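Colleague: This is the structure I have questions about; it appears just below.
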Amino acid sequence: MIDCFSGPTMSDSLIVDASPNNIQRAAEHLRSGELVGIPTETVYGLAVDARNPDAVAKIFSAKGRPATNPLIVHVSDADAIRHWVEGRDEPWLLRAFNQAASFWPGPLTVVIPRIPGIPNAVTAGQDTVAIRVPSHPVTRLILQECGFPLAAPSANVSNYVSPTTARHVADGLGDQVAMVVDGGHCDVGLESTIIRLEESRPRLLRPGSVSAGALREAFGDLAVEVSGPTETTTAMPAPGMLPKHYSPQKTLRFATQFTAVEGQRVGYIAFGKPMMSAHRVWVLSDDGDLDEVARKLFAAIREADESDCDVLIVDKCDQTGVGAAIMDRLRRAVTP
Ligand code: TXA
Ligand code: MG
């Protein structure tokens, strides 16, 4: 590490603004099988051409991701997928698909029977595929310019915290991507809600900002099958939902379950008014607004992880609305 170096770093030149020219360049990189960091409303994605198995393979090696963990396919609108669903002649599936598509563009991922043209590498050999229509305007432009679907996991090294700024992507994967298109700070800040469409009712595989309540209202019913952090994961419905995930390097504990040791520098991520003093405190929302907490949480964990603190502590919240997703991520992030 060169401490005195204050000029632009290599990764600075990787981050480009979303000018029409850069959108075009991003599409060219993607067309030629390269990796591009893209902004979405949830977290930044590490995108490749979903039809190209060689390009898809690069994602797994760049992230250090197990090949058994399938990727989400991002498309510019629901129509192409709907056309295929219609062709399957399963009325329940079309009905459920249309219901799910009413949340698009937006932070909902839908697992449906596998569609043709998507290679095994994307689905990890499963007979289903995860689809999402993102709402971030920059990524919508990139998808339109490409004219093909993009496979994109969160743009972090496997098991680390998901990125919510272009800088986070460049910091973690700068030497792996052709460019990172800057779309500002992600609005939602947590990965999309994932549901699998099933004949009786959809099944929640990963909580997100589209809440269980909103899904229940839309579909009439919802099965909830999110594996807890202490459960074994032999038959994982969403293989990425590992007990330990999203973890910082430093020890992270819930503030309510923590007693400081003399001389320890504690970094405290508070959701509202801090309950205690600490060496450093990050207040995510003055009035404890959970949407704001979600938006800022991952950036705060990263910043705290890079700070001079010895140990990190974080608040808990009610598991209603987006609170369920916040607590889901934190239970996987805290040190066992
Ligand atoms: O918000 C998001 O979903 C972000 C942005 C970039 O779109 N992407 C994201 O991707 O979080 P990733 O790869 O970090 O998480 C995708 C999750 C994993 O848990 C994976 O196991 C699950 O989706 N998944 C993908 N395909 C699946 C399938 N066919 N069946 C069940 N789960 C699937
Ligand atoms: Mg991820």
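Where a number appears in this text, it was derived from the coordinates with a stated rule and is not lab data. Keep in mind that this is a model prediction, so the values were computed, not measured. Positions of Cβ are backbone-derived with ideal geometry, glycine not excepted, and every protein chain shown enters the neighbour counts.
Colleague: Where the centroid of each part is defined by its Cα atoms, how far is the stretch 151-200 from the stretch 97-124 in Å?
Modeller: Their Cα centres are 17 Å away from one another.
Colleague: Where Rh denotes the Kirkwood radius from the mean inverse Cα pair distance, what is Rg over Rh for the stretch 51-191? Intermediate results must be reported in sequence, preceding the final value.
Modeller: On the way: Rg = 15.3 Å, Rh = 16.0 Å.
For the stretch 51-191, the value is 0.96.
Colleague: Would you list which aspartates and glutamates come within 17 Å of K273, measuring only between C-alpha atoms, while excluding same-chain residues fewer than 8 positions from it?
Modeller: D286, D287, D289, D291, E292, D315, D318
Colleague: I've got another one for you. Identify, among I23, A124, L35, the residue whose Cα sits farthest towards the positive end of the charge dipole of the stretch 14-133, taking +1 on the Cβ of Lys and Arg and -1 on the Cβ of Asp and Glu, with the dipole about the Cα centre.
Modeller: Towards the positive end, the residue furthest out is A124.
Colleague: Report relative contact order for the chain in percent, whole number only (criteria: Cα-Cα under 8 Å, sequence separation at least 6). Show your work: numbers first, answer last.
Modeller: Numbers: 717 pairs, mean separation 64.1, N = 336.
19 percent.
Colleague: Let me ask you something else. Which value, in debye to the nearest 20, gives the size of the charge dipole of the stretch 4-104 about its Cα centre, when Lys and Arg are +1 and Asp and Glu are -1 at the Cβ?
Modeller: That gives the stretch 4-104 a dipole magnitude of about 260 debye.
Colleague: Still on this structure: Please say if the chain is rounded, prolate or oblate, where rounded means a/c under 1.5 for a ≥ b ≥ c the square roots of the C-alpha gyration tensor eigenvalues, and otherwise the choice is prolate for a/b larger than b/c and oblate otherwise?
Modeller: It is oblate, given that a/c is not under 1.5 and a/b is not larger than b/c.
Colleague: Dipole size in debye (nearest 20) for the chain around its Cα centre, Lys and Arg Cβ +1, Asp and Glu Cβ -1?
Modeller: On the way: 31 positive and 40 negative charges, 127 e Å.
Computed charge dipole of the chain: roughly 600 debye.
Colleague: Give the peptides 252-263, 116-127 in descending order of average Cβ contacts within 10 Å, highest first.
Modeller: Values: 252-263: 12.0, 116-127: 14.8.
So the peptides 252-263, 116-127, ranked by packing, come out 116-127, 252-263.
Colleague: Can I ask one more? Return the subset of K63/K316; K58/K316; K63/K296; K63/K250 for which the Cα-Cα distance in this structure is over 27 Å, preserving the input order.
Modeller: Values: K63/K316 29 Å; K58/K316 37 Å; K63/K296 23 Å; K63/K250 20 Å.
Beyond 27 Å between Cα atoms: K63/K316; K58/K316.
Colleague: Work out the charge dipole of the stretch 162-216 with +1 on the Cβ of Lys and Arg and -1 on the Cβ of Asp and Glu about the Cα centre, then indicate which of H168, V181, S209 is farthest towards its positive end.
Modeller: Working it through, the farthest residue towards the positive pole turns out to be S209.
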